[in-house]
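Colleague: Can you read through this structure? Questions will come right after.
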Amino acid sequence: MQNRLLKSRMHKYDYQQTPAAEGNRLKRRGPTNLAEIWALDGSWKIPLPLNEKGQPIGPDGKTFVRWLGTFFRNGLLCPIVPVAWPNVEEKVKLDCWSEIEKRYLIDPDIVQPPDQMGCAMHILGVLRRNRRTKLKKDHVKVGVTKEQLLADTPPGVMEDQWREMVNYWFLEKTVRVSDKNKDSRGKQKEIARSGAQSFAQICDDMVRNALQAKVNGVPVERADIYLKVYRRRDGTGVTPRAQENINRIEELLSQPDMRLRGEPGSGVLWSKDDVYARVLGPERPGRVRGVGLGITPSGRSATNASQFTSTPLLPSRTTQRISELENHSSRVTEQLGQVQEQLAQTEARHQEQLASIEARHHEKLSSIEARH
């Protein structure tokens with residue numbers, strides 16, 4: 001009962017609203033610290049839902065990522081400096097992993113124990129970078145000087161860390177790289193509208209919505225994710241270029257044997273020759289677009305039905321489990337048949353013995369009657 005209550009509390013919104021003293025406006029109390037999770041002492045752990053690629057999914061997966069974001073709230077557990085995550089002291093990462101391991105249970109069949117810390121640190125590094133980016137976006141404005149920023153440390157940031165970060169932002173090299181990145185982003189012809197959700201979460205939501213609508217689930221590939229995140233609410237592409245890609249993707253997906261083979265809920269499927277790659281071009285070394293964190297070109301990809309129709313699909317954990325249960329059921333059925341056959345044979349022998357005894361009994365009675 002206590003565990004169910006705890007889990008229900010963990011799905012609260014990041015912000016709670018209360019009536020303001022003036023007018024009808026709502027007053028926000030600010031971001032939650034997810035104190036319910038921090039209060040866990042290790043006697044009970046929260047099972048972390050993952051897809052087959054080890055990416056957090058579902059409501060508890062979202063809560064897990066939000067909780068990791070609280071690691072940077074005061075800068076004590078996980079400082080926001082130095083800039084590069086690989087340069088952060090190993091002790092800091094070990095301390096962070098200790099907090100995660102004490103509260104969350106990661107399926108060793110999906111992410112092997114030696115790899116669990118690395119996966120968690122990868123997510124934490126991305127969240128840390130996002131935290132730094134948001135601080136810069138909120139405070140570095142046109143006309144605001146370095147001295148003004150140094151004199152106004154934001155809440156939730158340690159003064160020495162803020163000073164180091166501001167000094168870095170105003171370095172000549174940093175300003176030059178930042179301006180170049182802004183110029184490159186301004187030339188982008190497609191900007192995703194996924195918000196704070198990861199592609200893995202979007203994929204999981206698509207599968208869940210299909211199940212709730214009682215629609216036969218189909219595997220979600222990165223072309224489906226593109227159609228989801230590069231469209232406005234009215235269904236049109238976010239840019240003319242995105243609309244061209246959407247039209248081409250829909251055309252290819254409508255053709256026979258163009259979809260990837262896989263299972264619903266196994267994460268975002270991809271292959272080097274899928275519809276996404278045919279429309280947006282091949283992958284660059286070291287990355288895979290449209291699938292979320294943790295996937296590389298050397299990692300597992302899905303099978304393209306149009307190209308490998310004779311290649312058997314590698315079974316997922318779900319398929320393997322179903323196969324194991326079917327084999328177990330077959331063995332139980334076979335054993336039950338053997339037991340039933342043995343019982344039938346025993347019953348037949350018993351009937352034969354009863355018939356023999358009854359015959360001898362009648363024979364004795366007949367002999368006695370004959371003597372009298």
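The values are calculated or read from the model by the stated rules, or taken from the named source; none is laboratory data. Remember, it's a predicted structure, so these values are computed and weren't measured experimentally. Counting neighbours? That spans all protein chains shown, and the Cβs are built from the backbone with ideal geometry, glycine included.
Colleague: Could you list all residues from region 54-87 that are closer than 24 Å to Thr174 by Cα and among the β-branched types (Val, Ile, Thr)? If you could, list the steps in order and put the result at the bottom.
Modeller: In the first step, residues of region 54-87 are kept if they are closer than 24 Å to Thr174 by Cα; the result is 72, 75, 78-87.
Scanning region 54-87 gives Ile80, Val81, Val83.
Colleague: Lys62 versus (1) out of contact with any helix residue (DSSP H, G or I) (no Cβ under 6 Å at 6 or more places or on another chain); (2) at pLDDT below 95; (3) surrounded by fewer than 17 Cβ atoms within 10 Å (Cβ to Cβ): which is the lone unmet condition?
Modeller: (3)
Colleague: Just to be sure I understand, how many residues within region 129-168 are free of Cβ contacts under 8 Å to residues at least 40 places away in the same chain, in contact with a Ser or Thr (Cβ under 8 Å, 6 or more places away or on another chain) and of a type outside the set (D, E, K, R)?
Modeller: Matching residues across region 129-168 total 1.
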